[in-house]
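The values are calculated or read from the model by the stated rules, or taken from the named source; none is laboratory data. Everything quoted here is computed from the prediction, not taken from an experiment. All Cβ positions, even for glycine, are placed from backbone atoms using ideal geometry, and neighbour counts span all protein chains on display.
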Amino acid sequence: MSTLDQTTDEILKLAAAHFKVQQEKLSPDDDFFEKLEIDSLQALELLTRLETHFRVELPDYEMQGVTSFRALAERIQSRL
Amino acid sequence: MKKHRGETLSWEATDGVIELALHREPINEIGSATLGELEQFIEELEIATGHASALIIYSAVPQGFCAGADLRELYEKGRPLPVEARVAGVRQFLERIHRVLNIIDASPLTTIAAVHGVCFGGGFELALACDLIVADRVARFCFPELRLGLIPGFGGIPRLKRDVGNAVVRDLLLTGRSFNVQKAQGIGLVGQVAAEGEALRIARSTAAQIGKFDRHTSVAAKQFIKPIPYNELRREIEIFCTLFARPAVEEALHKFSESRDLQPYLP
């Protein structure tokens, strides 16, 4: 099973590729709304892609209070 | 059927397949303009049905199929009115949209919703009125009405109950959570999953296949296998109107309408 750091790295890679941002410019504690310049609908799209990638189901209410990539990874990790 | 381009919808018929495209930016929110054009569409649909075998409903806007009712319009129209008039107004709207969706639901044509992106609330209810749902990999479904102190009002609960088990209905309605296409297919709502951007192509391929079958047989089969839950649909309107009268709902609609939050679609 992946560690939290591995999960975080995968999220950064996926988010960078999809939203066409250089991965080097993203770090685990960044606010992904601000860094990726995304709105709520794009956040849902990211959620969908992460669910598919990690093969988990992540209800959107789990995103309450989650703004960093690391916090997102923790939510995903809890379902692996 | 003559090709038509309206403000929020367009439609045309080609080779026995009628296509209804939703194109109201940003995400096809269903307000009075869309409802008016849907009513116009179903009048033409009833005339054109004899020459067609399938109806495809899809969205021509990139963000998704349909985000549901136009909540900002709903709030703004009701704001200056006393509660009785607000409820009367919403009841009238619901009765009109129910008529539209009931006609689509009962259509002799085989109906296909081609879904991409957001398919929430009234948009999900529109898809559920169809016989088949084809959805692409980034589609996301939700009944978020509980977040506003409401239940789905466009017929979503009776139609969802028709299609899935009660435990699934409770999960989706009582949490108001959104779910992806894998989940939707797993519970039997989505029949076919498409690659991103391919839902309409697959819907067209499916419609072409459907066109090969004897229409009388398809119509008889559909009438047998797809009951319309008319009593429950009427009851849903009553429950919705009772809830809608509550001050908490007006407050929630106000908050939604005024929000500049980046995350209005997240709980």
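Looking only at the stretch B:173-200, residues that are part of a helix (DSSP H, G or I) and modelled with pLDDT under 95 come to 3 in all.
A Cβ distance below 9 Å, combined with a sequence gap of six or more or placement on separate chains, defines the contacts here; from the stretch B:222-247, residues that are within 26 Å of B:Pro82 (Cα to Cα) reach residues that are assigned to a helix (DSSP H, G or I) and small (Gly, Ala, Ser) in the pairs B:Glu236/B:Gly156; B:Cys241/B:Ala88; B:Phe244/B:Gly78.
Where strands (runs of 3 or more DSSP E) sit wholly within the stretch B:1-73, those with at least 1 residues that are farther than 18 Å from B:Gly122 by Cα, more than 14 Å from chain A (Cβ to nearest Cβ) and touching a strand residue (DSSP E or B) at 6+ places or on another chain (Cβ under 9 Å) occupy B:9-14, B:17-22, B:54-59. Which one of B:Ser59, B:Ser32 is surrounded by 18 or more Cβ atoms within 10 Å (Cβ to Cβ), at pLDDT 95 or above and either among the hydroxyl-bearing types (Ser, Thr, Tyr) or closer than 20 Å to B:Glu198 by Cα (or both)? Within the list B:Ser59, B:Ser32, the selection yields B:Ser59.
If you go through the stretch B:24-53 and pick out every residue that is closer than 26 Å to B:Ile210 by Cα and of a type outside the set (D, E, K, R), you end up with 12. Filtering the stretch B:94-110 for residues that are over 30 Å from B:Asp15 (Cβ atoms) and buried (at least 19 other Cβ atoms within 10 Å of the Cβ) leaves a non-empty set.
Taken over the stretch B:99-141, the criterion of being farther than 12 Å from B:Ile57 by Cα and in a strand (DSSP E or B) is satisfied by B:Gly117, B:Val118, B:Cys119, B:Phe120, B:Asp136, B:Arg140, B:Phe141.
Within the stretch B:157-168, the set of residues being over 23 Å from B:Val100 (Cα atoms) and surrounded by 18 or more Cβ atoms within 10 Å (Cβ to Cβ) comprises just one member, B:Val168. Taking the listed residues B:Phe154, B:Phe143, B:Phe179, the one that is under 20 Å from B:Val87 (Cα atoms), touching a residue at least 24 places away in the same chain (Cβ under 8 Å) and crowded, with 24+ Cβ neighbours inside 10 Å is B:Phe154, with no other qualifying. Just so you know, in the stretch A:32-54 the residues that are touching a strand residue (DSSP E or B) at 6+ places or on another chain (Cβ under 8 Å) and within 7 Å of another protein chain (Cβ to nearest Cβ) include one that is surrounded by the most Cβ atoms within 10 Å (Cβ to Cβ), and it is A:Leu44.
Each row is one residue, and each column tells you yes or no for (1) within 14 Å of chain A (Cβ to nearest Cβ); (2) among the acidic types (Asp, Glu); (3) under 17 Å from the mean Cα position of the chain (by Cα).
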{"site": "B:Asp136", "(1), (2), (3)": "yes, yes, yes"}
{"site": "B:Leu150", "(1), (2), (3)": "no, no, yes"}
{"site": "B:Phe154", "(1), (2), (3)": "no, no, yes"}
{"site": "B:Asn166", "(1), (2), (3)": "no, no, no"}
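Candidates are the residues of the stretch B:186-215 that are within 21 Å of B:Lys226 (Cβ to Cβ) and free of Cβ contacts under 8 Å to residues at least 24 places away in the same chain; the one that is surrounded by the fewest Cβ atoms within 10 Å (Cβ to Cβ) is B:Lys212.
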